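S.K.: Please see the structure below; I have some questions.
The values are calculated or read from the model by the stated rules, or taken from the named source; none is laboratory data. Just so we're clear, the structure is a prediction, and the values are computed from it rather than from any experiment. Neighbour counts run over all protein chains shown; Cβ positions are idealised from the backbone, glycine included. SASA here: full protein model, heavy atoms, side chains in, ligands and nucleic acids out. Shrake-Rupley method; radii C 1.70, N 1.55, O 1.52, S 1.80 Å.
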Protein chains: 2
Amino acid sequence: MTEDRPSNEGFLQIGEAAEQTGLTQRTLRYYEEKGLLRPPSRMDGGFRLYSQDDIERVENIRQLKELLGFSLADIKEMIEAEDVRIQVKAQWRKDAAIAEKVEEIKKALAATRHQVELIDQKVAKMTEMREQLATRAGNYERWLAEREVPAIS
Amino acid sequence: MTEDRPSNEGFLQIGEAAEQTGLTQRTLRYYEEKGLLRPPSRMDGGFRLYSQDDIERVENIRQLKELLGFSLADIKEMIEAEDVRIQVKAQWRKDAAIAEKVEEIKKALAATRHQVELIDQKVAKMTEMREQLATRAGNYERWLAEREVPAIS
DNA sequence: ATCAACCTTGACGCGCACGTCAATGAATGC
DNA sequence: GCATTCATTGACGTGCGCGTCAAGGTTGAT
């Protein structure tokens, strides 16, 4: 029973990370290069090790890009809110300047709300478009119904 | 009262078309080049004249691209349904092979339904995402509420 | 020690969706 | 007729988001 190679305690090497997220290794490195992913931890030899949080973040980026059609630059801005969230989770209890953290959380909150707004706007426009298309489909259907074989009778 | 130059009976030259649609002249020519826009009519000198239908189509493309994030190649496929619609509107009454038109309309209907499906899927995913973000925002708010000055006693 | 499979960092390439000249012609005001 | 403004095609340039070598180092099993 050869363990599937990595087995690094819940961490994934780039190959597996790529497979799981449906992106390529190149893309993962590229996102890191562009500051979309925080540099993941490394093995002694220098191999990247992605945490579960890293993976989630990647999937988040994938959604933002493929689903909402945002550019990586846009996404970078957006997920800086996420950064704050993780930093707070991690640094928490090494407290000190709580006031600063409050400020950061406020920024994160504002950013998140902004994202929600953007999505709402997109959904609204898409819904509008959907109605137009549905109407058009209805027109086609009636057109067809009119000159289709009245068949029986 | 110098009429604003064009004044070509409801038709727009490329400059005005660009202004109205918020795209550039280059982009309009590019879309034409790529077969997304049917070649518009021309003045005697060769200047392009865009009809109101052309403009609507451009705006449709803009929506599909910016709102839904489709590539121009995708959009080209999609709007071939629109082509059929216009052809039917125009050629109508020069009837002949009605059976053919029925087939075309059926294809257009299928394409339109497909677009509706795509939009529904996107809306669904976006809504899901929206909920996640809203939840996160809620968490931030509670976090803040907890350690914000309880103020008045 | 060696081998295959996996990884590393460059660096160049590529397709898309245009931007940006450049040279030339057309439309209109004077 | 002339100037100004708007248009034409053609060609090259550009930024993004990766793909694709190339040359080498690491890991783990045998």
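S.K.: Return the residues of region B:24-53 that are in contact with a helix residue (DSSP H, G or I) (Cβ under 7 Å, 6 or more places away or on another chain) and farther than 20 Å from B:Asp83 by Cβ; say none if nothing qualifies.
M.R.: Within region B:24-53, B:Thr24, B:Gln25 meet the criteria.
S.K.: Here are some residues: B:Leu109, B:Leu118. Which one is in a helix (DSSP H, G or I), under 22 Å from A:Gln63 (Cβ atoms) and aliphatic (A, V, I, L, M)?
M.R.: B:Leu118
S.K.: Among the listed residues A:Ala17, A:Ala99, which satisfies the condition of being more than 24 Å from B:Ala134 (Cβ to Cβ), modelled with pLDDT of 95 or more and either of a type outside the set (Phe, Trp, Tyr) or touching a strand residue (DSSP E or B) at 6+ places or on another chain (Cβ under 6 Å) (or both)?
M.R.: Checking each option against the conditions leaves just A:Ala17.
S.K.: For region B:121-153, give me each residue that is assigned to a helix (DSSP H, G or I), open to solvent by 80 Å² or more (accessible area, probe 1.4 Å) and closer than 20 Å to A:Glu100 by Cα.
M.R.: B:Arg142, B:Glu146, B:Arg147
S.K.: From the list A:Asp83, A:Asp54, pick out the single residue that is modelled with pLDDT of 95 or more and either more than 11 Å from DNA strand D (Cβ to nearest atom) or open to solvent by less than 60 Å² (accessible area, probe 1.4 Å) (or both).
M.R.: Answer to the selection: A:Asp54.
S.K.: Related question: As an exercise: evaluate B:Leu12 against (1) loosely packed, with under 13 Cβ neighbours inside 10 Å; (2) among the aliphatic types (A, V, I, L, M); (3) farther than 30 Å from B:Glu100 by Cβ and give the number of the one condition it does not meet.
M.R.: The number of the failed condition is (1).
S.K.: Among (1) modelled with pLDDT of 85 or more; (2) more than 10 Å from chain B (Cβ to nearest Cβ), there is one condition A:Ala108 misses while meeting the rest; what is its number?
M.R.: In the conditions (1) modelled with pLDDT of 85 or more; (2) more than 10 Å from chain B (Cβ to nearest Cβ), A:Ala108 misses (2) alone.
S.K.: Only one of (1) open to solvent by 30 Å² or more (accessible area, probe 1.4 Å); (2) within 22 Å of B:Arg130 (Cα to Cα) fails for A:Leu64. Which number is that?
M.R.: Failed condition: (1).
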